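Here the structure comes first, spelled out in structure tokens, and everything after it is commentary.
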Amino acid sequence: MPPIEMPRNPPEDPIRSHPTRAEQLDILSDLVADRAGEGDRVLDLGIGTGYVARLILDKTPLISLTGIDLKAESLDAARETLAGRVKALDLVEGNLEDLADLDVPAGPYRAIYTVLTFHDLPDEAKIAAIRWSAERLAPGGALFILDRIRLHRPALFPLQIALWNRIERIYGSPMRSAVDFDSYIADMGERNRPARFEDYFAWMEDAGLAPSCLHLHGNIGLFAGMRP
Ligand SMILES: C[S@@+](CC[C@H](N)C(=O)[O-])C[C@H]1O[C@@H](n2cnc3c(N)ncnc32)[C@H](O)[C@@H]1O
């Protein structure tokens, strides 16, 4: 059987060390492009340098995009990344932990997405951001969360290690390494506090969204919450 060619991160991806990211971003960008077309509003929570927004705009260039980030320098980089690729762009400096202060268009949004940002937030802020997003989605709109999930069952950890080893064999770079559950937990902190898989379902359901996990590879999940 010929070897399977897995999608690879290009050099311009600021988080290219993440082995499964190219495949997962390809899925996310397909799904956002499928939901949002000309004139539809789309919101990126934690836009960073605009790399993910660019992938989405390559597939659906006529959306109206708003991006939020804590850091002015990231927004400057995003402005440069997206120059000439977007019809309408709003870049907003703000903190996802202070939702009431965010000065963003009210919506409604056809899609709201966040990539590798929610693990920076405490759980209360994740819950509030999910609820805030649900209130701003158009009927039939979707919230997408692509992020690490928290592993919390020590008995399953050997399977996770085997999965990480397999990812490293296939992609040539590691996703995350921890020799055992205790050292995995010791690595949790202010900049690394992912939510548990089950929590995303419960929080989305509480916010009135129909939840699903659309893709899971290693400990990185792509969750969706659809507004009926
Ligand atoms: C790891 S980067 C991911 C950037 C982008 N989503 C990507 O995947 O290329 C996380 C981004 O979230 C932003 N961020 C983290 N905490 C935030 C907060 N509380 N409010 C707004 N942005 C935040 C950071 O400044 C950073 O740009």
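Since Gly50 meets every condition but one in (1) among the small types (Gly, Ala, Ser); (2) out of contact with any Leu (no Cβ under 6 Å at 6 or more places or on another chain); (3) modelled with pLDDT of 95 or more, which condition does it not meet?
Every listed condition holds for Gly50 apart from (2).
Looking at the stretch 15-33, is at least one residue farther than 14 Å from Asp58 by Cβ, touching a residue at least 12 places away in the same chain (Cβ under 8 Å), among the small types (Gly, Ala, Ser) and within 15 Å of the ligand (Cβ to nearest atom)?
yes
For the stretch 76-98, indicate whether the set of residues that are more than 13 Å from Thr114 (Cα to Cα), aliphatic (A, V, I, L, M) and touching a residue at least 40 places away in the same chain (Cβ under 8 Å) is non-empty.
Yes, the stretch 76-98 contains at least one residue that is more than 13 Å from Thr114 (Cα to Cα), aliphatic (A, V, I, L, M) and touching a residue at least 40 places away in the same chain (Cβ under 8 Å).
Taking the options Pro105, Pro61, Pro7, name whichever one is away from the ligand (no atom under 15 Å from the Cβ), loosely packed, with under 15 Cβ neighbours inside 10 Å and in contact (Cβ under 8 Å) with a residue 60 or more places away in the chain.
Going through Pro105, Pro61, Pro7 in turn, just one is away from the ligand (no atom under 15 Å from the Cβ), loosely packed, with under 15 Cβ neighbours inside 10 Å and in contact (Cβ under 8 Å) with a residue 60 or more places away in the chain: Pro105.
Rundown of residues vs (1) at pLDDT 95 or above; (2) crowded, with 18+ Cβ neighbours inside 10 Å; (3) touching a Lys or Arg at 6+ places or on another chain (Cβ under 6 Å); (4) in a loop (DSSP other than H, G, I, E, B), yes/no style:
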site: Glu124; (1), (2), (3), (4): yes, no, no, no
site: Ala128; (1), (2), (3), (4): yes, yes, no, no
site: Arg131; (1), (2), (3), (4): yes, no, no, no
site: Gly140; (1), (2), (3), (4): yes, no, no, no
site: Ile145; (1), (2), (3), (4): yes, yes, no, no
site: Ala155; (1), (2), (3), (4): yes, no, no, no
site: Arg166; (1), (2), (3), (4): no, no, no, no
site: Arg169; (1), (2), (3), (4): no, no, no, no
site: Ser173; (1), (2), (3), (4): no, no, no, yes
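Identify, by number, the condition in (1) at pLDDT 95 or above; (2) in contact with a helix residue (DSSP H, G or I) (Cβ under 9 Å, 6 or more places away or on another chain); (3) basic (Lys, Arg) that Arg136 doesn't meet.
Only one criterion is unmet by Arg136, namely (2).
Out of all the residues in the stretch 205-223, is one or more surrounded by 20 or more Cβ atoms within 10 Å (Cβ to Cβ), touching a Phe, Trp or Tyr at 6+ places or on another chain (Cβ under 7 Å) and part of a helix (DSSP H, G or I)?
No, the stretch 205-223 has no match at all.
Mind checking whether some residue in the stretch 30-39 is in a helix (DSSP H, G or I) and surrounded by fewer than 15 Cβ atoms within 10 Å (Cβ to Cβ)?
Within the stretch 30-39, one or more residues are in a helix (DSSP H, G or I) and surrounded by fewer than 15 Cβ atoms within 10 Å (Cβ to Cβ).
I'm trying to understand the selection: among the residues of the stretch 64-78, which are within 13 Å of the ligand (Cβ to nearest atom), surrounded by 15 or more Cβ atoms within 10 Å (Cβ to Cβ) and among the small types (Gly, Ala, Ser)?
Gly67, Ser74, Ala77, Ala78
Say we look at the stretch 152-192 and pick out the residues that are among the aliphatic types (A, V, I, L, M) and in contact with a helix residue (DSSP H, G or I) (Cβ under 6 Å, 6 or more places away or on another chain); which of these is farthest from Ile127 (Cα to Cα)?
Going through the qualifying residues, I end up with Ala178.
The values are calculated or read from the model by the stated rules, or taken from the named source; none is laboratory data. Just so we're clear, the structure is a prediction, and the values are computed from it rather than from any experiment. Every residue, glycine as well, gets a Cβ built from its backbone with ideal geometry; the counts of neighbours run over all protein chains shown.
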